[in-house]
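Step one of this worksheet: look at the structure below.
We did not get these values from a lab; they are worked out from the coordinates using the rules stated. Predicted, not measured: the structure shown is a model, and the values here were computed from it. Reconstructed Cβ throughout: ideal geometry from the backbone, glycine too, with neighbour counts over all protein chains shown.
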Amino acid sequence: MEVGQMQRRLVDYTKSLFMEGFLDAQFLQLQQLQDESNPDFVVEVVSLFFDDSEKLLNDLTMALDQPNVDFKKVDAHVHQLKGSSSSIGAQRVKNACIAFRSFCEEQNIDATLRCLQQVKQEYYLVKNKLETMLRLEQQIVAAGGSIPMIELGF
Amino acid sequence: MEVAGEVLASESQLHVLAVDDSHVDRKVIEKLLKISSCKVTTVESGARALQFLGLDEEKGSLGFNGLKVNLIMTDYSMPGMTGYELLKKIKRSSAFREIPVVIMSSENILTRIDSCLEEGAEEFLVKPVKLSDVKRVMNDCIMRGETEGNNRRRVDKRKFEDDNHASSSSSSSSSIPSSPSSPLPSSPSTAATSSPLHSLKRAKLRDDN
């Protein structure tokens with residue numbers, strides 16, 4: 001596949017992630033911060049997000065698995081996950097965290113367990129999408145092309 | 001006493017200390033600051049921030065910091081010492097109270113914003129922090145350094161307190177907002193100076209609500 005085609009494919013794919021709400025404007029902000037002095041910035045931030053999230057999801061699973069659930073602790077973890085997902089623009093994960101927190105407040109064990117499943121699902125979805133997108137970018141760069149900047153009209 | 005302007009002239013770059021327990025956020029704020037031509041040091045906690053500044057009681061008054069810090073940007077919600085507690089410690093220290101402190105928080109809770117501004121925070125940024133936020137903060141810092149705005153700000157804050165303690169004939173001192181939609185009381189003097197930024201920030205937050 002020639003570079004132009006790959007670039008178009010990347011643009012379409014990235015745009016779909018915004019349209020479907022996986023990513024929001026904050027992700028665009030991160031892309032705009034990337035430059036020649038730090039060409040791997042987005043990859044690095046996203047990797048940090050993956051590492052942080054996976055640890056938090058593990059912590060959440062354990063915390064909700066206790067006989068006496070400490071909802072304050074659960075809420076603290078969700079707050080962290082909400083923060084980092086918001087910082088990279090992972091909108092659906094962030095929204096799932098917001099819902100999660102309201103059920104933590106209610107100390108509703110069934111609802112919070114469902115929320116955890118929901119957050120995990122959203123996380124793995126966006127992880128998959130971001131990895132696909134970043135792979136497309138790598139292929140373009142490897143072929144000598146440049147990453148097109150996305151302009152969002154909305 | 002060293003004036004911020006002199007420091008800026010000699011080092012030509014603002015040195016910002018960024019405090020956040022989130023690894024992702026530290027990375028992002030570091031980039032935002034570097035792109036805005038700042039020197040950046042990131043630390044993960046209030047305790048580390050104090051150590052860096054040399055406020056660590058164990059180490060004595062001057063720690064291992066080689067570079068003067070021109071601005072501190074700290075997250076609000078952190079385990080151990082919150083950003084608010086860090087702010088208070090800095091503002092109550094004779095050595096470091098001149099350093100402007102900006103609070104960042106994902107939650108725009110009016111009482112929280114109020115407390116931070118009351119304790120002397122320059123600004124309260126709602127996360128996720130964007131480049132435009134950082135640039136605005138930088139511009140404020142530079143303007144403050146050049147025009148000795150620190151002195152101005154202190155005078156205005158005192159004036160504001162005086163207005164509050166004075167007789168309640170002034171309507172601004174007697175109204176305390178009970179709902180997020182009502183504007184915050186501010187004496188005419190503070191509104192006329194660099195506090196328009198605060199009003200702008202509050203206006204922005206109301207829109208977000």
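Which of the pairs A:K73/B:K34; A:K15/A:K120; B:K91/B:K135; A:K94/B:K27 have their Cα atoms more than 26 Å apart in this structure? Write down the numbers at each step before the final one.
On the way: A:K73/B:K34 34 Å; A:K15/A:K120 23 Å; B:K91/B:K135 23 Å; A:K94/B:K27 19 Å.
Too far apart for the 26 Å limit: A:K73/B:K34.
From the Cα gyration tensor of region B:84-142, with a ≥ b ≥ c the square roots of its eigenvalues, which class applies: rounded if a/c is under 1.5, or else prolate if a/b is larger than b/c, or else oblate?
Numbers: a/c = 2.43, a/b = 1.22, b/c = 1.99.
Judged from the Cα gyration tensor, region B:84-142 comes out oblate (a/c at least 1.5, b/c at or above a/b).
Please arrange A:R8, B:R48 by how many other C-beta atoms lie within 10 Å of their C-beta, fewest to most.
Lowest to highest Cβ neighbour count: A:R8, B:R48.
Using a Förster distance of 41 Å, how high is the FRET efficiency between B:D114 and A:L134, based on the Cβ-Cβ distance and rounded to 0.05? Please report the intermediate quantities before stating the final value.
Working: r = 42 Å, r/R0 = 1.02.
Once rounded, the FRET efficiency stands at 0.45.
Taking the Cα atoms of region B:15-145, what is the range of coordinates along each of the three principal axes, in descending order and whole Å?
Principal extents (Cα only, largest first): 37, 33, 30 Å.
Averaged across the residues of A:25-38, what count of C-beta atoms belonging to other chains lies within 10 Å of each residue's C-beta?
Values: counts 2, 5, 1, 0, 7, 5, 0, 3, 7, 2, 2, 0, 2, 3.
Per residue, the average neighbour count from other chains is 3.
How many partner chain Cβ atoms sit within 10 Å of a residue's Cβ in peptide B:26-39, on average, as a whole number? Before the final figure, lay out each step's value.
Details: counts 2, 9, 10, 1, 0, 8, 3, 0, 3, 7, 0, 0, 0, 0.
Going residue by residue through B:26-39 and averaging, the value is 3.
Can you work out ³J(HN,Hα) from phi for every residue in region B:111-120, in order, using Karplus 6.51 cos²θ - 1.76 cosθ + 1.60 and θ = phi - 60°, giving whole Hz and x for Gly and Pro?
For region B:111-120, the Karplus curve yields 5, 5, 4, 4, 4, 5, 5, 4, 7, x Hz.
Could you work out the helix-only [θ] at 222 nm for chain A, with each DSSP H run of four or more residues adding -39,500 (n - 2.57) and the total divided by the number of residues, to the nearest 500 deg cm²/dmol? Could you put the intermediate results ahead of the total?
Details: 6 runs with 118 residues, N = 154.
The helix-only estimate for chain A comes to -26500 deg cm²/dmol at 222 nm.
Run the simple label-point estimate for A:Y13 and A:K120 please: 7 Å along Cα→C-beta, distance reported in nm.
Modelled inter-label distance: 2.7 nm.
Would you calculate the separation in nanometres between label points at B:K34 and A:E105, each defined as 7 Å from the Cα along the Cα-to-beta-carbon direction?
A separation of 3.8 nm, rounded to one decimal place.
Quote to one decimal, in nm, the extra length available between A:A142 and A:M1 on full extension: 0.36 nm per residue of separation minus the C-alpha distance between them. Spell out each step's value before the answer.
On the way: separation 141, 0.36 × 141 = 50.76 nm, distance 1.23 nm.
Net length gain for the segment: 49.5 nm.
Taking amide hydrogens as modeled 1.01 Å from N in the peptide plane, which residues meet the under 5 Å criterion relative to B:L125, leaving out close sequence neighbours?
B:I103, B:M104, B:S105
Specify the inter-centroid distance of region A:85-146 and region A:1-69, based on alpha-carbon positions, in whole Å.
Between the Cα centres of region A:85-146 and region A:1-69 lies a distance of 8 Å.
If neighbour count is taken as other Cβ atoms inside 10 Å, put B:E107, A:E36 in order from fewest to most.
Values: B:E107 13, A:E36 5.
Neighbour counts put them in this order, fewest first: A:E36, B:E107.
Other chains near A:81-87: what is the mean number of their Cβ atoms within 10 Å of each residue's Cβ?
Working: counts 1, 3, 12, 7, 2, 5, 12.
If you average over the peptide's residues, the count of other-chain Cβ atoms is 6.
Mind sorting B:D25, A:D40 by how few other Cβ atoms lie within 10 Å of their own Cβ, fewest first? Numbers along the way, then the final one.
On the way: B:D25 27, A:D40 11.
Arranged by neighbour count, lowest to highest, B:D25, A:D40 become A:D40, B:D25.
What distance in nm lies between label points placed 7 Å from Cα along the C-beta direction at B:K135 and A:V69?
With each label placed 7 Å out from Cα toward Cβ, I get 4.5 nm.
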